[in-house]
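Here the structure comes first, spelled out in structure tokens, and everything after it is commentary.
The numbers here are math on the coordinates, done by the rules we state, and not lab data. These figures come from a predicted structure and were not determined experimentally. Positions of Cβ are backbone-derived with ideal geometry, glycine not excepted, and every protein chain shown enters the neighbour counts.
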Amino acid sequence: QRKNPFSNDRLEPKLLHTHRGDPTYGRPPEGSQTEQRGKDAHSHVGKEVQELCLIIRSTGEVGEDGHVSVTFGQLFETYVTISNKVVGILLRARKHGLVHFEGEMLWQGKDDDVIITLL
């Protein structure tokens with residue numbers, strides 16, 4: 001539109017370009033629908049992480065250290081009926097320090113014996 005000779009630049013708002021280091025860089029405009037969708041998605045994932053922790057607590061066993069643990073195979077079989085995103089939710093829960101397990105990624109079948117500990 002900037003190159004369109006028939007557009008009236010005075011009526012169009014100027015686009016704000018942010019640069020690295022700017023606190024608004026990489027963020028949607030405040031009050032926009034994009035910002036609201038991001039907040040809604042963050043809230044939804046947070047609820048799924050809480051649900052995962054509840055499932056671990058209810059299906060796992062308390063160890064000598066007092067932490068509840070469950071194998072990935074057990075968790076996958078239980079959680080797969082609820083959601084098919086169990087690995088992604090596990091990674092998010094580990095990022096927030098709620099669970100611990102060895103390895104970068106868990107694969108069904110191959111990592112069924114990996115122990116997941118609720119912290």
### Query
So for region 33-118, Kirkwood radius off the Cα pairs, Stokes-Einstein at 10 °C and 1.306 mPa s: how many µm² s⁻¹?
119 µm²/s
### Query
Over region 33-118, what relative contact order in percent results from Cα pairs under 8 Å that are six or more residues apart?
33 percent
## Note on the structure
With +1 at each Lys and Arg Cβ and -1 at each Asp and Glu Cβ, the charge dipole magnitude of region 33-118 around its Cα centre, to the nearest 20 debye, comes out at 480 debye
### Gain on full stretching of the segment that runs from K85 to T18 - 0.36 nm per residue minus C-alpha separation
20.7 nm
### Query
Does anything in region 74-94 have its amide N under 12 Å from the 7 Å Cα→Cβ label point of H67, and if so which residues?
94
#### Entry: Alpha-carbon centroid distance for the pair region 19-53 / region 56-99, whole angstrom
24 Å
### Summary
Rounded to 0.05, the calculated FRET efficiency for the beta carbons of T117 and Q33 at R₀ = 25 Å is 0.05
